[in-house]
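The values are calculated or read from the model by the stated rules, or taken from the named source; none is laboratory data. All of these numbers come straight from a predicted model, not from anything done at the bench. Note: ideal-geometry Cβ built from the backbone for every residue, glycine included; neighbour counts use all protein chains shown. When the accessible area is computed, the model is the full protein with side chains, heavy atoms only, and any ligands, DNA or RNA have been set aside. Shrake-Rupley method; radii C 1.70, N 1.55, O 1.52, S 1.80 Å.
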Amino acid sequence: RATLASDSVIGSWHGPSTPGSSYVLLHHVMGGVGEREGAWGYVEGGMGSVSNAIASAALAAGATIKTDAGVEEINVNNNKVCGVTLHDGTVLESNIVLSNATPKVTFLDILDSSILPKDYLTHIKTIDYTSPVFKLNVAMDRIPTFRGHKNGPGETAGPQHQGTIHLNSESVNMVDRAFADACRGIPSERPIIEMTLPSSVDPTLAPPGHHVSSFFIQYVPYKPANGEWTTESKDAFVKKVFSQVDEYAPGFSESVVGYDALAPPDLERIFGLTGGNIYQGSMGLDQLFTQRPTYLTPAYTTPVSGLYLCGASTHPGGGVLGAPGRNCSKVVLQNKQK
């Protein structure tokens, strides 16, 4: 039950006892890698390799890609999209614009929201983006040694390092208590720690003998009850996390040579994830299927002609699956043929 419970709360502001948590579990086991249903995999070279592969395919098909080119405004004329204006003032003209930003960013930050129907705008403003996630990327000078497991010859990685490692989640009650802490506005005293060691299977990620680890931690509030997240408060929380990892893998803290800590506001600022929500909107039953992000327009379309949503805020939601973009592109092609 505990194993299922921890997978039922990933990236979600709810506990395993919260109604609807079973869907989050389903969402994370319905996919697969190759022909292995429910399996997860590592991408050689890190997750950026996925973006690079998509970019290579797009370039091969004749696309032009501009990076470091933030959008200042989506341009609209007579309720029809006509392009975008970039931060540097460059205007790109087009009668079709696809946005994979969140609905909040798309409709409230870079579009004149006054052109939207009142009921649509109200719905967009009420989307739940609450996030419990604290992300931690760690560099280490050796592979961890977990209690009860021997490392490989020469202190190399073994099977115990190659999967997803869940800590502080030995019981459903532990997960519930962690959530209860965050509901009081404080980071969990014993946060749920999901730890992976991609360098255990991919030597391109770290120098010989060294390793990297990715931590997906919850629960933390977007804004702690005692104030904003600061460098000091993040470092204190990281220190707590490392000390608890030491309980499972003695000496882990001593192996750390550097880390990058991201609280929910950092995830919002750096990646444009409103509220720090990794799904571009909570995966509750009220924000799924035809309700994602709203039932007021057909899937992937918006009240502005030619403007589409193609990101995780649309069906079927978040994850490295590409389905929202694929589905959106099919709708765009169908509409062009009308």
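Please work out which one of (1) over 26 Å from the mean Cα position of the chain (by Cα); (2) free of Cβ contacts under 8 Å to residues at least 12 places away in the same chain; (3) open to solvent by 30 Å² or more (accessible area, probe 1.4 Å) is the condition ASP119 fails and give its number. Unmet for ASP119, out of (1) over 26 Å from the mean Cα position of the chain (by Cα); (2) free of Cβ contacts under 8 Å to residues at least 12 places away in the same chain; (3) open to solvent by 30 Å² or more (accessible area, probe 1.4 Å): (2).
If you go through the range 195-218 and keep only what is of a type in the set (Phe, Trp, Tyr) and open to solvent by 20 Å² or more (accessible area, probe 1.4 Å), you end up with just PHE216. The lone criterion from (1) over 25 Å from MET47 (Cβ atoms); (2) at pLDDT below 95; (3) open to solvent by less than 20 Å² (accessible area, probe 1.4 Å) left unmet by PRO221 is number (2).
Filter the range 162-188 for residues that are aliphatic (A, V, I, L, M) and not in a helix (DSSP H, G or I); which is farthest from SER214 (Cα to Cα)?
ILE186
Counted as qualifying within the range 1-114 are the strands (runs of 3 or more DSSP E) with 3 or more residues that are surrounded by 12 or more Cβ atoms within 10 Å (Cβ to Cβ) and at pLDDT 95 or above, namely 71-77, 80-86, 97-99.
One residue stands out in the range 258-278 among those that are open to solvent by less than 40 Å² (accessible area, probe 1.4 Å) and under 15 Å from VAL105 (Cα atoms): the one that is farthest from the chain's Cα centre (by Cα), namely PRO265. Restrict the check to the range 245-257 and report whether at least one residue is open to solvent by 80 Å² or more (accessible area, probe 1.4 Å) and in contact with an Asp or Glu (Cβ under 6 Å, 6 or more places away or on another chain). Yes. Residue check: is PRO159 over 27 Å from the mean Cα position of the chain (by Cα), at pLDDT below 95 and open to solvent by 60 Å² or more (accessible area, probe 1.4 Å)? No, not satisfied. Number of residues in the range 167-192 that are touching a Ser or Thr at 6+ places or on another chain (Cβ under 8 Å) and of a type in the set (Asp, Glu) equals 2. Count, please, the residues in the range 165-194 that happen to be farther than 18 Å from LYS234 by Cα and open to solvent by less than 20 Å² (accessible area, probe 1.4 Å). Residues meeting the conditions: 4. Applying a threshold of 6 Å to beta carbon distances and a minimum spacing of six or more residues, or different chains, the list of pairs starting in the range 233-256 at a residue that is free of Cβ contacts under 8 Å to residues at least 12 places away in the same chain and ending at one that is assigned to a helix (DSSP H, G or I) and among the small types (Gly, Ala, Ser) reads ASP246/SER253.
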